[in-house]
Every structure is written in structure tokens, then in C-alpha cells.
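Trainee: I'd like to ask some things about the structure below.
The values are calculated or read from the model by the stated rules, or taken from the named source; none is laboratory data. Note that the coordinates shown come from a computational prediction; the quantities given were computed from them, not determined experimentally. Counting neighbours? That spans all protein chains shown, and the Cβs are built from the backbone with ideal geometry, glycine included. Keep in mind that these areas ignore ligands, DNA and RNA; they rest on the heavy atoms of the full protein, side chains included. Shrake-Rupley method; radii C 1.70, N 1.55, O 1.52, S 1.80 Å.
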Amino acid sequence: MEFFCPPCRKVIDDSHPLCDQAQAWFYEASGKRLWRIRRLNEYAYQYVTDEEYSRLCAERPIILSEARSWEDFDCSSYTGIDSRGERTSIFD
């Protein structure tokens, strides 16, 4: 799965470890609601916090091809509580 590094927007995939900036961003997101979105006509996912997602939606309408969220994000395991109430990886 490919996704944009939240701070620098470089594309990261499963074969590359997270850069220090991405690790710091995920650490700051610990305990928050985290969204994984994919904009229409983009292949890579984007991770945003609930606050960032709200700000994106308020700025201008965004068209998404996919959106998923996790509550209580845990930065040590990169997991959160999904809509089924189960703790799952944000990268699956």
C-alpha cells in the first residue's frame, strides 16, 4: 500500500521504513482519531487527524474514492479502533 508521508507528502510504500518526520507525525497523532483517505484519481492514501480532516472539508469540497477512520490511535503499534470496535492496523 502506498501513502503520502503526512508532513512532507513523499510517497511511501511497504518496502520503505517510515522517515523520522512521519514517525514524529504519527507519534503526535497518538490517542486521536485518524483518517485514511484516498482522493478521487489518486493512487496513494493520505493519513490525516480528525482536526485536519475537518479543516480539509471546510476549506473546499473534496471528492474521495475511499475513507476509513480509527479511534484511539496507538503510535507504538500503528493500530486503532475501527468501525467494528476492533483494534486493527492502519496499514491493512
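Trainee: For region 55-66, what are the residues that are of a type in the set (A, V, I, L, M, F, W, C) and loosely packed, with under 12 Cβ neighbours inside 10 Å?
Mentor: Of everything in region 55-66, those that are of a type in the set (A, V, I, L, M, F, W, C) and loosely packed, with under 12 Cβ neighbours inside 10 Å turn out to be C57, A58, I63.
To keep it simple, each residue is scored yes or no on (1) in a strand (DSSP E or B); (2) free of Cβ contacts under 8 Å to residues at least 12 places away in the same chain; (3) touching a helix residue (DSSP H, G or I) at 6+ places or on another chain (Cβ under 8 Å); (4) crowded, with 16+ Cβ neighbours inside 10 Å.
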position: Q21; (1), (2), (3), (4): no, no, no, no
position: A24; (1), (2), (3), (4): no, no, no, no
position: Y27; (1), (2), (3), (4): no, no, no, no
position: S30; (1), (2), (3), (4): no, no, no, no
position: Y53; (1), (2), (3), (4): no, no, no, yes
position: E71; (1), (2), (3), (4): yes, no, no, no
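Trainee: Residues to consider are I37, I12; find the one that is surrounded by 14 or more Cβ atoms within 10 Å (Cβ to Cβ), more than 19 Å from T88 (Cα to Cα) and among the β-branched types (V, I, T).
Mentor: Just a single option satisfies the conditions, and that option is I12.
Trainee: Can you say whether K10 is farther than 23 Å from R87 by Cα, of a type in the set (D, E, K, R) and in contact with a strand residue (DSSP E or B) (Cβ under 8 Å, 6 or more places away or on another chain), as far as the supplied structure shows?
Mentor: Yes; evaluated as a whole, the condition is true for this residue.
Trainee: If M1 meets every condition in (1) open to solvent by less than 80 Å² (accessible area, probe 1.4 Å); (2) farther than 21 Å from S77 by Cβ apart from one, which number is that one?
Mentor: Tallying (1) open to solvent by less than 80 Å² (accessible area, probe 1.4 Å); (2) farther than 21 Å from S77 by Cβ, M1 fails exactly one: (2).
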